[in-house]
1. If you roll a 1.4 Å probe over the heavy atoms of the protein chains, what accessible area per residue do you get for the range 78-131, in Å²?
2. Grab the alpha carbons of the range 16-94, take their convex hull, and tell me the volume per residue in Å³.
3. Tell me which lysines have Cα within less than 24 Å of Lys285's Cα, excluding those fewer than 8 residues away on the same chain?
4. Using packing as a proxy for protection, rank 214-226, 21-33 so that the peptide with the highest average count of other Cβ atoms within 10 Å comes first.
5. Take the Cα gyration tensor of the range 106-214, multiply each eigenvalue by 5, square-root it, and list the three semi-axes largest first, rounded to whole angstrom.
6. Magnitude of the Cβ-charge dipole of the chain, K/R +1 and D/E -1, about the Cα centre, nearest 20 debye?
7. Can you give the accessible area of Ser121 in Å² (nearest 10), computed on protein heavy atoms with a 1.4 Å probe?
8. May I ask you to derive the relative contact order of the range 194-303, considering only C-alpha pairs under 8 Å and at least 6 residues apart, and to give it as an integer percent?
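The values are calculated or read from the model by the stated rules, or taken from the named source; none is laboratory data. Quick caveat, the model's predicted, so the values are computed rather than measured. FYI the Cβ positions are ideal-geometry reconstructions off the backbone, even for glycines, and counts take in every protein chain you see. To get the accessible areas, we keep the full protein, side chains included, count just its heavy atoms, and leave off ligands, DNA and RNA. Shrake-Rupley method; radii C 1.70, N 1.55, O 1.52, S 1.80 Å.
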Amino acid sequence: STSTSTSTSTSTSINNFDFNKRTHNCGELRDKDIGKKVQLAGWVSAIRPISKKSLFIIVRDGFGITQLLFLAKDEISLEQIEQARKLTLESIILIEGTVESRPNSQINNQISTGAIEVHVSKFKLLNIAASPLPISLQSTIQSHSEDTRLRWRFLDLRSMTLQRNLRVRSNIAKSVRNFLWNQNFVEIETPTLFRATAEGAREFIVPLSRQPGKFYSLAQSPQQYKQLLMASGFDRYFQLARCYRDDPSRADRQPEFTQIDLEMAFVKMEDVMELVENLVKTIWKEVANIDLPKFPHLTFAEV
């Protein structure tokens, strides 16, 4: 009952302006934005009371974090400061305020927004979080069991580590596509459901409900499809292909994975090696800003 009472009181007291879309994300504001009036939306990551009349809140989204200063003056009252103090971690808020520079002693060079803070003039509770949550984002991922993390996956995926991992994967896919498109490749998606083939791994079977005794298998790879495409005149093909193999999980294999699948016609071995090398170099440069050296070529005997 205490939680319900707090939620009702908070929602009626702090919803003091109409919802509007955010003007910036939580990892975007810099020195050049000082003086701007902005709107931010995100999850409450930390609450740090300073005094009865002020407190800091750290708000987070998928792009970063921003420090908010709630100061009892102008449009923020003492009552609203108290309601903000009662917010639970991971509650979602929308704020309006002015970007100000941090005092020199509070500048944090470890984060992209560490030179500024937003002085809040209006704020709105969009959704209040239960407390406590089954997963604490203030602790490390390893502090929770894998079963707990999988059960509460939507909370687990809020962690900055997993947010970063998935965004890096997205950037890699973008880099791969742009590189291969510029090399005149055509991206073609091939079917997942296929007939059983004599490849090197066991296959997942998908029975047909309307035709008892008949089934599809999930494609281990697009091998036969891409050979068909070569014969059809698509001499440069690629896709980010989903592959399925009913094998025991190992460090280098799992039942479902994605591979960069490509095929070329009218080329020599050296052409394929050069293209793949340049693709890998491009990915590392664009995603991680790392310049890779030329790849050594080893003979079979040397290996």
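1. Working: 2420 Å² over 54 residues.
Spelled out: the 1.4 Å probe surface of the range 78-131, per residue, equals 45 Å².
2. Here the figure is 100 Å³ per residue.
3. Partners found: Lys174, Lys294.
4. On the way: 214-226: 18.1, 21-33: 15.8.
Highest to lowest by the protection proxy: 214-226, 21-33.
5. Numbers: eigenvalues 361, 134, 48 Å².
They are 42, 26, 16 Å, listed from largest to smallest.
6. On the way: 39 positive and 34 negative charges, 171 e Å.
Using Cβ point charges on Lys, Arg, Asp and Glu, the chain gives about 820 debye.
7. Here the residue's solvent-accessible area equals roughly 20 Å².
8. Details: 124 pairs, mean separation 20.1, N = 110.
That works out to 18 percent.
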